[in-house]
Amino acid sequence: MGKGILERLDEGVIIGDGGFVVALEKRGYVQAGPWTPEAVIEHPEAVLELHREFLRAGSDVMQCFTFYASEDKLTVRGNKAGRHGSTNINEAACLLAREVANEGDALIAGGMSQTPTYAEGGSKEAVQEHFQKQADAFTKCGVDFLICEYFEHAEEACWAVEICKKTGLAVAATLCINKEGDVDGVPTSECAVRLANAGADIIGINCNFDPDTVLAGVREMKRGLEEAGLKRHLITQPLGYRTPDANKHGFVDIPEFPFAMEPRTLTRWDCHRYAREAYDLGVRYIGACCGFEPYHVRAIAEELVTERGGKLPLASEKHEMWGGGLKLHTKPWVRARASREYWENLRPATGRPECPAYSKPSSHDITD
Ligand SMILES: N[C@@H](CCSCCCCC(=O)O)C(=O)O
Ligand SMILES: [Zn+2]
């Protein structure tokens, strides 16, 4: 039996994988809007390929593609994904993740997220019934640990953590909030304490915000945990887009979401900085979410190569550190760019002189 997630985190740094729904939507296997993971049944080869690309890029965890795979989410507003059944989707996702994890030394995590039942004011019992159904599938499939991710209400996340804790597996919990707090006004530092008290072993933030914003939020979580005398591992899985203009709902409120986010895409060099700042903050589960592609995750692995025992990921075979491969280019001025100094200090233009640097995010309050 290999080392579990908590043992690996005690010993060093874990690199997460990236955002599946956005990456597979771009490839034509996920519908933007519902963002449900029926591709695990309808296009398993596409899911396997993306898992493989993240494994090659250095991911130590294959998140089972079970995001938004609660029965209510799969059927809400006439979503046809429900015809496959929540259990079938969750179990199929676990098998695909395990197949690829076994091609390396990766762990697999069963994931669950916020539900329409909670958004519509459902009872704790009704909401936890959905979480239980997913947890049962993960237990049956023998996942290595569980991730409760993308919650904007700390209360619902705690309900998910409570269900997951009963499996006996390690539980990670990430809210999609910034340093201001959750959507009910619970301070971010307090959210972390509540998640810890609900049983979460690994606590942090995923999605909705860029690395700088996520790190500022996790800094608040770290402060809250320390003041409460609670020792927990920290996790960050930010967006692969820059969102300094986002307000409390993050990229969902930005007018460019979801089909014109490209100008905000992080460079691989932004990811070097993110990885280093996360590591220096004490984060040991350094992952990624929507907008992160495998080459971004490779940059995290390359930045932390020393901390990870000097081993580069397979995908670095064709990518010398800091663009060293450009030394083979035909043009001398391109060869001159084969350096850390050049890429670390470049301020890339967007090529869109008519476009603003910031948008005017909408500010709604309800999710239904
Ligand atoms: N682990 C998941 C995280 C997805 S976060 C998705 C945000 C969707 C926002 C929305 O509902 O519009 C993944 O890899 O896709
Ligand atoms: Zn995301």
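The values are calculated or read from the model by the stated rules, or taken from the named source; none is laboratory data. A quick note: this is a predicted structure, and the numbers were derived from the prediction, not measured. In this analysis, Cβ positions are derived from the backbone assuming ideal geometry, glycine residues included, and neighbour counts consider all displayed protein chains.
For the stretch 48-61, enumerate the residues that are more than 16 Å from ligand 2 (Cβ to nearest atom) and either crowded, with 21+ Cβ neighbours inside 10 Å or acidic (Asp, Glu) (or both).
Filtering the stretch 48-61 down to residues more than 16 Å from ligand 2 (Cβ to nearest atom) leaves 48-49, 51-53, 55-58, 60.
Answer for the stretch 48-61, where residues must be more than 16 Å from ligand 2 (Cβ to nearest atom) and either crowded, with 21+ Cβ neighbours inside 10 Å or acidic (Asp, Glu) (or both): GLU49, HIS51, GLU53, LEU55, ALA57, GLY58, ASP60.
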Report task. Name the single residue, out of those in the stretch 25-47 being within 16 Å of the chain's Cα centre (by Cα) and of a type outside the set (Val, Ile, Thr), that is nearest to ligand 2 (Cβ to nearest atom). Result -> TRP35
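Check whether at least one residue in the stretch 229-236 is at pLDDT 95 or above, buried (at least 18 other Cβ atoms within 10 Å of the Cβ) and either aromatic (Phe, Trp, Tyr) or out of contact with any Phe, Trp or Tyr (no Cβ under 9 Å at 6 or more places or on another chain) (or both), and report yes or no. Steps first, answer last, please.
Pass one, the stretch 229-236, residues at pLDDT 95 or above: 229-236.
Subsequent filtering for residues that are buried (at least 18 other Cβ atoms within 10 Å of the Cβ) retains 232-236.
Those left that are additionally either aromatic (Phe, Trp, Tyr) or out of contact with any Phe, Trp or Tyr (no Cβ under 9 Å at 6 or more places or on another chain) (or both): 232.
The answer is yes, given that some residue of the stretch 229-236 is at pLDDT 95 or above, buried (at least 18 other Cβ atoms within 10 Å of the Cβ) and either aromatic (Phe, Trp, Tyr) or out of contact with any Phe, Trp or Tyr (no Cβ under 9 Å at 6 or more places or on another chain) (or both).
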Query raised in the report: Going through the stretch 269-304 one residue at a time, which ones are away from ligand 2 (no atom under 16 Å from the Cβ), part of a loop (DSSP other than H, G, I, E, B) and in contact with a Ser or Thr (Cβ under 9 Å, 6 or more places away or on another chain)?
Result: VAL283
Query raised in the report: Within the bounds of the stretch 234-257, is there any residue that is within 15 Å of ligand 2 (Cβ to nearest atom) and at positive phi?
Result: yes
Query - Residue among LYS327, LYS311 that alone is over 23 Å from MET221 (Cα atoms), modelled with pLDDT under 95 and not hydrophobic (A, V, I, L, M, F, W, C) - result: LYS311
Report task. Return the pairs, sorted by first residue and then second, in which the second residue is outside any helix (DSSP H, G or I) and away from ligand 2 (no atom under 16 Å from the Cβ), the first residue lies in the stretch 25-43 and is touching a residue at least 60 places away in the same chain (Cβ under 8 Å), the beta carbons are less than 6 Å apart, and the residues are 6+ apart or on different chains. Result -> none
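Across the stretch 257-268, what is the total count of residues that are part of a helix (DSSP H, G or I) and surrounded by 19 or more Cβ atoms within 10 Å (Cβ to Cβ)? Talk me through it step by step, then tell me what you get.
Within the stretch 257-268, the subset part of a helix (DSSP H, G or I) is 262-264, 268.
Those still in the list that are surrounded by 19 or more Cβ atoms within 10 Å (Cβ to Cβ) too: 264, 268.
Looking only at that region, the number is 2.
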